[in-house]
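Here's the structure we're looking at; comments come further down.
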Amino acid sequence: MVPDPFLLMSLPATTTGLPFVVWIAVDPGDGRGRRVYVSHVAQPALDDLIEVTVEPDVHVIGDRVLDQANLDLLVHWIEVNRVVIARHWSGEIDSMTVIEGIKSVS
């Protein structure tokens, strides 16, 4: 499913320590649960984002592919930042607070 770009916040590799861009979202109200998106470029087409659910276990949704090594890195990053991701998803914190709270895994 293509996300609403107004609900997304990009976190570049310099912020996350990951070899790709992570996009976190505010809950769009579709009942599908918390998720993040991944891209290998800073300005992807929305339909090129890799959708990843973060609960109950982290896994790719749909037909996009994230190799196992990068998925393992993403799983670790999500575990380290789960509270910040959850609070942003629920609208409890804004983008500035996310930037202040995100931990890099590099």
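The values are calculated or read from the model by the stated rules, or taken from the named source; none is laboratory data. A quick note: this is a predicted structure, and the numbers were derived from the prediction, not measured. Please note: Cβ atoms are built from the backbone with ideal geometry, for glycine as well, and neighbour counts cover all protein chains shown.
Taking every residue in the range 33-51 that is hydroxyl-bearing (Ser, Thr, Tyr) and pairing it with any residue that is assigned to a loop (DSSP other than H, G, I, E, B) and surrounded by 10 or more Cβ atoms within 10 Å (Cβ to Cβ), at least 6 positions away or on another chain, the pairs with Cβ-Cβ distances below 6 Å are TYR37/LEU49; SER39/LEU49.
Looking across the range 27-59, the residues that are in contact with a strand residue (DSSP E or B) (Cβ under 8 Å, 6 or more places away or on another chain) and among the aliphatic types (A, V, I, L, M) come down to VAL36, VAL38, VAL41, ALA42, LEU49, ILE50, VAL52, VAL54, VAL58.
The condition of being in a loop (DSSP other than H, G, I, E, B) and in contact with a helix residue (DSSP H, G or I) (Cβ under 9 Å, 6 or more places away or on another chain) does not hold for ASP63.
Of the residues making up the range 14-58, those that are surrounded by 15 or more Cβ atoms within 10 Å (Cβ to Cβ) and outside any loop (DSSP other than H, G, I, E, B) number 16. Within the range 1-28, the set of residues being free of Cβ contacts under 8 Å to residues at least 60 places away in the same chain and under 18 Å from ILE93 (Cβ atoms) comprises PHE6, LEU7, LEU8, SER10, VAL22, TRP23, PRO28. Picking from PRO12, PRO5, which residue would you name as being modelled with pLDDT under 95 and out of contact with any Ser or Thr (no Cβ under 9 Å at 6 or more places or on another chain)? Answer to the selection: PRO5.
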